[in-house]
Amino acid sequence: PLTAGGHRPSNTLGRLGLDVRLVTTRPGPRDGLDPGAPIVETGISKTWKSRVDRFGRSFRDGEPLARSLRRLLDNVPVWREVHRQARAWRPDVLYERYALTAVAGSLIARRLGIPHIVEVNAPLADEEERFRGLRLARLTRWCERRVLRRAHRVVVVSSALEAHALRLGVSPERILVLPNAVDDTLFRPGRDGSGIREALGIHGKFVVGFSGALRPWHGLDHLLEAFHTFASERPDAVLLILG
């Protein structure tokens, strides 16, 4: 398989013995987990990024527009790189983690005549509109509908996202609900956490935790409000946020 934009599936597929290549515009931190596959980073050049940013600044509230244009233009180098990989190494399937206006994967999969599997982790256009400002909205939502409708399989991580895909016109038989999970080689209930608890001063406490990116759409404000109420009844409770 050739994957675009996600380390987790490439790592798992590699452990299953499959030959995987990863093409992405964001490779992540170099000291992060080993993705288990060769990574090729691509995207528009710094020169083009600078030009797009200057263009965006010429408009009021131009950063959302510049961000949308950068994502749209990224399709060109992604297309070129995936096509180059496919010439030397014929993939059997293309697995993609969906990103806004990312149409290159859909187009190249059709050109190669291979299945295109799209993983959807969030209603990205809705989140962008609510929290960051959505520009090129009609084009963005058209791309979202077209990519998901044309995919051979749409993998979603919750029933709410299944409903989202259905609203976009994806056939029910092509949707696979696969909830988020953890890597049990890293996270195990039997692991001794006493040293960390002692270091953080939470030994013997009732710990409520969050681990992940601190983004507004993750609703940490709700967690803080709920914990405030809970802690008034459980004085031994502490809130631990990792992000």
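The values are calculated or read from the model by the stated rules, or taken from the named source; none is laboratory data. Keep in mind that this is a model prediction, so the values were computed, not measured. Virtual Cβ from ideal backbone geometry, glycine too; neighbours counted across all protein chains shown. Just the protein is used for accessible areas: all its heavy atoms, side chains included, with ligands, DNA and RNA removed. Shrake-Rupley method; radii C 1.70, N 1.55, O 1.52, S 1.80 Å.
Below, the figures for the structure above:
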quantity	calculated
Solvent-accessible surface ranking, highest first, for Asp221, Asp74, Asp192 at 1.4 angstrom	Asp192, Asp221, Asp74
Alpha-carbon centroid distance for the pair region 182-243 / region 15-78, whole angstrom	32 Å
Spherically averaged projected area in nm², based on the convex hull that wraps the Cα atoms of the chain	16.6 nm²
Residue-normalised accessible area of the chain, given per residue in Å² at a 1.4 Å probe	62 Å²
Calculated FRET value between Arg167 and Leu224, using beta carbons and R₀ = 45 Å, to 0.05	0.90
Cα convex hull of region 155-233, projected area averaged across orientations, nm²	8.3 nm²
Residue order for His152, His116 - accessible surface, 1.4 angstrom probe, largest first	His152, His116
Rounded percent of accessible protein surface that carbon and sulfur make up, region 16-111, 1.4 Å probe	52 percent
Residue-averaged 222 nm ellipticity for the chain, from DSSP H runs of 4+ at -39500 (n - 2.57), nearest 500	-13500 deg cm²/dmol
With DNA, RNA and ligands ignored, accessible area of Leu223 (1.4 Å probe; Å², nearest 10)	40 Å²
Accessible surface of region 122-178, 1.4 Å probe, proportion on carbon and sulfur as whole %	51 percent
Accessible area in the full protein assembly, largest first, 1.4 Å probe, for Arg191, Arg167	Arg167, Arg191
With Cα atoms, 0 to 90° folded angle of helix 62-88 axis to the chain main axis	70 degrees
